[in-house]
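Asker: Just dropping this structure here.
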Number of protein chains: 2
Amino acid sequence: MSESDPVGQAELNVAETIGQLMQFWGFKRPMGRMWTLLYLSPDPLGAAELGERLRMSAGAVSMTINELLKWGAIRRTWRPGERRDYFECEVSIWKLVRRVLHERELTLVREAKERLAGALGTIEAGAVTTEASEVLAFKRSRMETLRNLAGVGEMLLGAIDAGEAIDPSVLQAVVAAGAVEPNREDP
Amino acid sequence: MSESDPVGQAELNVAETIGQLMQFWGFKRPMGRMWTLLYLSPDPLGAAELGERLRMSAGAVSMTINELLKWGAIRRTWRPGERRDYFECEVSIWKLVRRVLHERELTLVREAKERLAGALGTIEAGAVTTEASEVLAFKRSRMETLRNLAGVGEMLLGAIDAGEAIDPSVLQAVVAAGAVEPNREDP
DNA sequence: CATTCTTTTCAGAACGTATTGAATGTTCTA
DNA sequence: TAGAACATTCAATACGTTCTGAAAAGAATG
């Protein structure tokens, strides 16, 4: 099947490349590889064929397929007479990216923001502590910066998610938040 | 030191939160935790203190410090009389993000683009193959889309790296590239 | 309803990565 | 130069994740 077929080989190379990109983006490599194979195929492929071409066990194929289904990256289809399932991929990469941004990154940033706000609350509670109020004020201000950054991230992701173009002024905010506070002290 | 100190605890919470974000972004969690501790400290800290507060072994502390130094996320400083090293963090988060975008993501995307171009070349070489030319054309076109997307990514990263605001029209290109090709065929 | 085909599940194996802690290296002081 | 203080390295190990393969479950057919 694939002993010395240059085209099939090239497809596997592409699959591997995309697989690595996906892995870098926090997904499992097999997901990227499988999606790519479908993306390069004019018609749907069956689980058996996918497993054979990617050298994956039936179990791994099943798991990977289900994860891809969960993300809406592939769809199940059927052929008239045939018994087994076939799969075709979601072609719109932009749609996929947006979904991940919405369901994963946005959630993550929101959680982080809340946790940061929580820590800030603890600090501001003016708890009885041994630290000098000067030091405390410093820490509070740094935590505020982090929480604000999380807020900016949330806004950015929300904007992309809503399909809005990114407002450059928002990016300026990021720059500003990070560039302030030149950190000078010498006792 | 940290038995029931609410402020210290809050700091560790923040460190943990940022650590998880960093891990999600492809770095090691200890890196984020250590950077955060320095970010929340008015003056530089020594390796021993960092290890103690984060409950890391001396070895782990050393490795983490070196990685942070490599990314320019912290700097080595010294105190007049003292013998051991102290560390202070890079405060500009934007500067850090840009550096990573430049050294890591950009490289990654470039490599991917080249590999995709390579595969495309193989296909276009019109190798003797058993596949119908129609199928071949389909695959070629899909590979072109992927390569073009990589190109757009490269441009975006380059723009951010150069400090330019993101041109919304570029984002449009992403949308277009992914949204085209409604994938219809029924034999 | 039994048979056959296909998919899913899951315990265990394999793998890669992170962490430890003792040994080694380095740098300063006396 | 010897010794002390500190930093670094690295083999061993602990840990978590992914993959396998066989068994179970599910679905269509005769």
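Just so you know, all these numbers are worked out from the coordinates, no wet-lab data involved. What you see is a predicted model; the values in this text were computed from it and never measured. For neighbour counting, all protein chains shown are included, and Cβ atoms are generated from backbone atoms with ideal geometry for every residue, glycine included.
Asker: Sorted from shortest, what are the nm distances separating the label point of residue B:76 from equivalent points in the other copies, each placed 7 Å from Cα along Cα to C-beta?
Answerer: List, nearest first: 5.9 nm.
Asker: Moving on to the next point. My understanding is that a pair violates if its Cα-Cα distance is over 25 Å; which of B:28/B:70; A:139/B:95; A:95/B:70; A:113/B:95; A:28/B:113; A:95/B:139 do that in this structure? Don't skip to the answer; put the middle values down first.
Answerer: Values: B:28/B:70 13 Å; A:139/B:95 21 Å; A:95/B:70 36 Å; A:113/B:95 21 Å; A:28/B:113 20 Å; A:95/B:139 21 Å.
The answer is A:95/B:70.
Asker: Let me ask something else about it. Taking a point 7 Å out from Cα toward Cβ as the label site, list the nm distances between residue B:58 and the same residue in every other copy, smallest first.
Answerer: Copy-to-copy label distances at residue B:58, shortest first: 5.5 nm.
Asker: Now for a different question. Under a point spin-label approximation (7 Å from Cα along Cα-to-Cβ), what is the residue B:60-residue B:5 distance to one decimal in nm?
Answerer: Simple spin-label model gives 1.9 nm for this pair.
Asker: Within a 10 angstrom radius of each residue's Cβ in A:56-65, how many Cβ atoms of other chains show up on average? Whole number is fine. Write out the running numbers ahead of the final one.
Answerer: Working: counts 0, 0, 0, 0, 0, 0, 0, 0, 0, 0.
Mean partner-chain Cβ count within 10 Å for A:56-65: 0.
Asker: Considering amide H positions built from the backbone, and no H for Pro or chain starts, which residues 5 or more places from residue B:45, or on another chain, come under 5 Å of its amide H?
Answerer: Under 5 Å from the amide H of residue B:45 lie the amide H atoms of B:87, each far enough along the sequence or on another chain.
Asker: Considering only the label points, 7 Å along Cα→Cβ from Cα, what distances in nm to one decimal separate residue A:42 from the same position in each other copy, shortest first?
Answerer: Ordered by distance, the counterparts are at 7.2 nm.
Asker: Per residue of A:42-50, what is the mean number of Cβ atoms on other protein chains within 10 angstrom of that residue's Cβ?
Answerer: 2
Asker: Another question, then. Starting at the first residue of the stretch A:139-146, write each ³J(HN,Hα) from the Karplus equation 6.51 cos²θ - 1.76 cosθ + 1.60 with θ = phi - 60°, in whole Hz, x for Gly and Pro.
Answerer: 4, 4, 5, 5, 5, 4, 4, 4
Asker: Determine the shielding of peptide A:141-153 by partner chains: average, over its residues, the number of Cβ atoms on other chains within 10 angstrom of each Cβ.
Answerer: Mean partner-chain Cβ count within 10 Å for A:141-153: 3.
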